[in-house]
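Chemist: Take this structure, written in structure tokens, and hold onto it; I'll ask about it next.
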Amino acid sequence: MDQLNVGIVGLGWVAGAHIDAFKAVTGADVTAVCSRRIHDDAALAAQFGTPLKSCVDYGDLLSDPDIHVVDICTPHPFHADQAVAAAEAGKHLIIEKPISLTPGDAARIQSAVDRAGVSVCVCFECRYSAHFTLIRSVIDQGLLGDLHYAEVDYYHGIGPWYGQYDWNVKKAMGGTSLLTAGCHALDALLFFMDGSVEEVTSYNTKSASPHFAPYEYDTTSVSILRFEGGSRIGKVTSCIDCLQPYYFHVHLVGSEGSLLDNRFYSEKIRGMDRSRWSTLETSLIDSGDVQDHPYEPQFQAFADSIRGGGPMPLTDMATAYESHRVVFAADRSAAEGRPVRLDELD
């Protein structure tokens, strides 16, 4: 297939970032949008700078033989049903995180995708950032040795000043702190720490600030992860009720060195001063603005994988499904006040 046509469902802030990213992708274009509101195609083309065919009925998008990929950019609770329907229609899928708000719906998507044999890209796009590429390179080159501890934390105050606030405060829409945003940090920790999580213990709390009073769920969580074998642990904070600049914190500790954000020390490099960090210059993940997210390299990898008949690297459905399973285990732990083993979700 020479050219992939992408149809986006949901036409909000994130959809705009996806459309902009696809303009730079070779071999794929956004050609259609599905929205609850009726749009004029000429006005959409002027707004987004590319020709777009619009529809209101999602079934019309799915039945269009010229659409090869469906890109789901709707609010969280709609993702599961829309993803299953797209898979059953034989469409490849891009799914914004979280893929669902419940373990059952996540499993339902996985089953539908497996039956249909379609390709999936889940928007854990931080794996494609220069920052995470650099960190993974440091790990793969053995500069940190064997990792035994990791902290990856997400601090992003999603208050009245933020676009998704009005619907994000609702339990039925946002879900939990981890599901609505902090899953990026948990997925990142799994990206850096090879192997499977065996057990999770999590605690939740909430700010007393009036900015976050409308939230129907706790807005800060801390989760401790124990990996299989018992010798490696990790910690993830998801804090969407902080009053501070956006901060994506990464601290990895290994047998040969440590890494803190973009600074590191390694005994593998002779002559380094252990009393001072050495800086690795790169572009950090330092913004919650979706326009700053590395969608372009992720979508390029997805287009290349479909056209080449290979698997989607890094953010395929199976990988993202495991990240969501850990999120669901953490949320169950906080709700029930006990450690939760991952095999309880089987």
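Computed from the coordinates by the stated procedures, all read-outs in this text should not be read as laboratory data. What you are looking at is a predicted structure, and each value in this text was computed from that prediction instead of being measured. As a convention, Cβ positions derive from the backbone with ideal geometry for all residues, glycine included, and neighbour counts pool all protein chains shown.
Chemist: Sorted by average packing, counted as other Cβ atoms within 10 angstrom per residue and highest first, what order do 304-314, 276-286, 63-73 take?
Modeler: 63-73, 304-314, 276-286
Chemist: Which residue, LEU314, ILE109, VAL197, has the largest displacement toward the positive end of the dipole of the chain when charges sit on each Cβ (Lys, Arg +1; Asp, Glu -1)?
Modeler: VAL197
Chemist: Roughly how big is the range 168-266's charge dipole about its Cα centre, with Cβ charges of +1 (Lys, Arg) and -1 (Asp, Glu), in debye to the nearest 20?
Modeler: Roughly 260 debye for the range 168-266.
Chemist: Which lysines have a Cα lying under 27 Å from the Cα of LYS235, excluding residues fewer than 8 positions away in the same chain?
Modeler: LYS97, LYS170, LYS171, LYS206, LYS268
Chemist: Along the range 246-260, what does the Karplus equation 6.51 cos²θ - 1.76 cosθ + 1.60 (θ = phi - 60°) give for ³J(HN,Hα), rounded to whole Hz, x for Gly and Pro?
Modeler: Running phi through 6.51 cos²θ - 1.76 cosθ + 1.60 with θ = phi - 60° gives 4, 8, 10, 8, 10, 9, 10, 10, x, 6, 10, x, 9, 10, 10 Hz.
Chemist: Also: Cβ neighbours within 10 Å, averaged per peptide: list 227-237, 325-335 in order, most packed at the top.
Modeler: 325-335, 227-237
Chemist: Now, a different point. Take the Cβ-Cβ distance between LEU345 and ALA42 as r, set R0 to 56 Å, and report the resulting FRET efficiency rounded to the nearest 0.05.
Modeler: 0.70
Chemist: How far is the Cα center of the range 73-145 from the Cα center of the range 1-72, in Å?
Modeler: Each part's Cα centre sits 19 Å from the other's.
Chemist: Residue separation times 0.36 nm, minus the C-alpha to C-alpha distance between ARG338 and HIS251: what's the value? Walk me through the numbers before you get to the answer.
Modeler: On the way: separation 87, 0.36 × 87 = 31.32 nm, distance 2.59 nm.
Result for the pair: 28.7 nm of gain on full extension.
Chemist: Going toward the positive end of the dipole of the range 218-276, with +1 on Lys and Arg Cβ and -1 on Asp and Glu Cβ, which of PRO245, SER266, GLY234 do you reach last?
Modeler: SER266
Chemist: Okay, next question. So if each residue of separation counts as 0.36 nm, and I subtract the Cα-Cα distance between SER196 and VAL56, what length gain in nm does that give?
Modeler: So the chain would gain 46.2 nm between SER196 and VAL56.
Chemist: With +1 on the Cβ of every Lys and Arg and -1 on the Cβ of every Asp and Glu, and nothing else charged, how large is the dipole of the chain about its Cα centre, in debye rounded to the nearest 20?
Modeler: Here the size comes out at about 560 debye.
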